Amino acid sequence: MTGRRSPSNHRAHQLALRFLAKEWDQADETERRVLLAIAEQLGTHRGTHRKDPRTFGERLADQVATFGGSWTFIIFFLLVLLAWIALNTWALAAQAFDPYPYILLNLLLSCLAALQAPVILMSQNRQAAWDRQRAEEDYEINLKAELEIKALHDKIDGLAARIESLRGGR
């Protein structure tokens, strides 16, 4: 590779000196990415038209976690439990398929918990990864906005100095 830099890279190096008050080599990866984006004028919104990258299983896990953490699920589940207990205690008292202490019900509840817990954890892990990515993008956007504000501040200072010099020249 030659020692020549593209115009956008050269501009990014200048922006690092001007706004970060450090050399390009001293800027971290995020700062460099933001400076290059500013230099190339790529201030578009990322993530507004993304295709959902989740697999069918991941979408299903997210739906299960959403339903499992809702009042609808809690109320429905309480109604099923009450119906199970009522059916086996009073309706089928003589021929109950799961008499008190409801061992079959206990087994089913344990199986439900054993299956539901990892599904919810998978969904939470995916959500945490998505949140980390959003936080990184927000940081980049905030850094870009800060650099743009500094650029505007410099322009205003330049205009103020120019106005002052014109007033002093009268």
- Note on the structure: Within region 23-38, restricting to residues that are charged (D, E, K, R) and either touching a strand residue (DSSP E or B) at 6+ places or on another chain (Cβ under 6 Å) or not in a helix (DSSP H, G or I) (or both), the one that is nearest to Glu136 (Cα to Cα) is Asp28
- Note on the structure: Residue set Arg134, Arg167; condition of a type in the set (D, E, K, R), exposed (fewer than 10 other Cβ atoms within 10 Å of the Cβ) and either out of contact with any helix residue (DSSP H, G or I) (no Cβ under 8 Å at 6 or more places or on another chain) or more than 27 Å from Thr55 (Cβ to Cβ) (or both); output residue Arg167
- Query: Out of all the residues in region 111-151, which are closer than 20 Å to Leu35 by Cβ, under 13 Å from the mean Cα position of the chain (by Cα) and charged (D, E, K, R)?
  - Reply: Glu136, Glu137, Asp138
- Item | Selected residue [surrounded by 14 or more Cβ atoms within 10 Å (Cβ to Cβ), assigned to a helix (DSSP H, G or I) and either free of Cβ contacts under 8 Å to residues at least 60 places away in the same chain or touching a Pro at 6+ places or on another chain (Cβ under 6 Å) (or both)] from Val64, Val80 | Val64
- Report the residue count in region 118-170 for those that are touching a residue at least 12 places away in the same chain (Cβ under 8 Å), more than 30 Å from Ala21 (Cα to Cα) and among the charged types (D, E, K, R). 1
- Near pairs, Cβ below 9 angstrom, 6+ apart or cross-chain, from region 102-113 (touching a residue at least 60 places away in the same chain (Cβ under 8 Å)) to any residue that is surrounded by 12 or more Cβ atoms within 10 Å (Cβ to Cβ) and aliphatic (A, V, I, L, M): none
- Message: Condition first: loosely packed, with under 14 Cβ neighbours inside 10 Å, in a helix (DSSP H, G or I), at pLDDT 90 or above and touching an Asp or Glu at 6+ places or on another chain (Cβ under 7 Å). Can you find one or more residues in region 96-104 that meet it?
- Response: yes
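The values are calculated or read from the model by the stated rules, or taken from the named source; none is laboratory data. Here the structure is a predicted model, which means the values were calculated and not measured. Counting neighbours? That spans all protein chains shown, and the Cβs are built from the backbone with ideal geometry, glycine included.
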